[in-house]
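Read through the structure below, which is laid out as structure tokens, and then see the notes.
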Amino acid sequence: MKFHLAINMERIDDSVDMRDVAKHTLEMVQMAERGGFEVAWAAEHHALEMTIAPNPFQILTWWGENTDRIRLGTAVAVAAYWHPVRLAGEAAMTDLLTGGRLDFGIGSGAYQREFDRMHPGLKQSDGWRYMQEMLPVLRALWQGDYEHKGEYWSFPTATSVPKPLQQPHPRLWTAARAPITYDFAVKHGINITSWPLTRPMSEAELYKSRLDEAMANNPGKPRPTFAMMRHTALYDRQEDWMVPVKAAQRQLSQFENLFKNLGDVENGFPKAIEFGELANRDEYAPEMLSENLMFGTPHQVIEKLKKYEDLGVDAFIYYASLGLGRKEQKRSMELFCSEVMPAFD
């Protein structure tokens, strides 16, 4: 099993200097590179302090200038927010400037609040339609001149300038949860990232079953790489188990605001929702978060990861962004690299 890092610039409130946030993010990526991580992922989000990523290609180019080997991925570029010619060129330029290290991930988008601002009138639940039209167009643009007449975009003959350094194109990924996306990924040779949120192992098993079903429905197609992301935090002492749990609860209370599009966001900071007000409040119980997420001592995390390896997960995505203190995040990364990863050599 390979290991990837997903990390955002994030602020839970405005007490933290943005320059410190940016510096910490880069230092975590550099630690991951030294530890042997394969990919570092940057997201795309808009007008939200908890995920500060208006252009993932800008972030990846910056990381690339300050690293040597680790691959750099978009997780994900949101198809509905882009024009295909621009997206093809931005991705190819990033691949060029990072020496051919781009992994290109594309997806449907997460929050209706962002759609209301970035593509007014579009329902988040329809974002997958844009993704499925966009990806074949990008492949064509990366190869040469191409004219497109589609449902969502139409343009005369154009091409990607520059062309990607990796040919025929960078490694492709999509974020998948619904069966239709697993089927699309298998049909088109696209690797898969998945995220069971805070849900138990049964959710991970559900996603694997959707991959298996897509493979059965598309005989002869190669199996894509199957990656899975979990919030991750390691600690030295078992008695510290509530430290990441409390951080996650605080961040997830803001996430619920966005996920349910409650609209209570001030100056980029979503209001924290009281868990007692939520119908799904059981998803945020401390013991459940500690069990379901990749939280624990190194020994406990190794045991948890073995279950994902046995399930057929090819790459585990260490999601570092959960509102945890920067000191605790770095100690967690140190423990993961020095004590967990050797168990999977």
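Observations, loosely collected:
- Taking 0.36 nm per residue of separation and subtracting the current Cα-Cα distance, fully stretching the chain between Arg331 and Glu27 would add 108.2 nm.
- Inter-probe distance in nm under a simple model that places probes 7 Å from Cα toward Cβ, at Asp264 and Thr159: 5.4 nm
- This model, with +1 at the C-beta of Lys and Arg and -1 at the C-beta of Asp and Glu, gives segment 1-114 a dipole about its Cα centre of some 320 debye.
- Crossing angle, helix 56-65 versus the chain [Cα axis fit, 0-90 degrees, rounded to tens]: 80 degrees
- About its Cα centre, segment 2-344 has a charge dipole of approximately 720 debye under the convention of +1 per Lys or Arg Cβ and -1 per Asp or Glu Cβ, with nothing else charged.
- Taking packing as the residue-averaged number of other Cβ atoms within 10 angstrom, the listed peptides 64-75, 36-47, 302-313 run from highest to lowest as 36-47, 64-75, 302-313.
- When the helices of the chain are scored as -39500 (n - 2.57) per DSSP H run of n ≥ 4 and the total is divided over every residue, the value at 222 nm lands at -13000 deg cm²/dmol.
- Answer label for semi-axes √(5λ) of the Cα gyration tensor in Å (calculated), chosen among (i) 31, 23, 21; (ii) 28, 26, 24; (iii) 27, 26, 20: (i)
- Gyration tensor (alpha-carbon) shape descriptor, segment 206-345, a/c threshold 1.5: oblate
- For segment 45-81 versus segment 298-345, the gap between their alpha-carbon centres in whole angstrom: 22 Å
- The chain: antiparallel DSSP beta bridges as a percent of all, rounded to 5: 15 percent
- Cβ-Cβ FRET estimate between Lys271 and Asp145, R0 fixed at 51 Å, reported to 0.05: 0.55
- Under 5 Å, built H, 5+ apart or other chain: amide partners of Val76: Glu44
- Residues whose amide H comes within less than 5 Å of that of Ala6, counting only those at least five positions distant or on another chain, are Trp41, Tyr318, Tyr319, Ala320 (H built at 1.01 Å from N in the peptide plane).
- The calculated FRET efficiency for Ala178 paired with Lys2, based on their beta-carbon distance and R0 = 22 Å, is about 0.30.
- Taking each residue as 0.36 nm, the span from Asn55 to Asp17 lengthens on full extension beyond its C-alpha to C-alpha distance by 11.7 nm.
- By average C-beta atoms within 10 angstrom, highest first, the peptides 161-169, 88-96, 136-144: 88-96, 136-144, 161-169
Only the coordinates and a few stated rules stand behind these numbers; no lab work does. The model shown is predicted, which means the values in this text are computed figures rather than measured ones. Cβ: placed from backbone, ideal geometry, glycine included. Neighbour counts: every protein chain shown.
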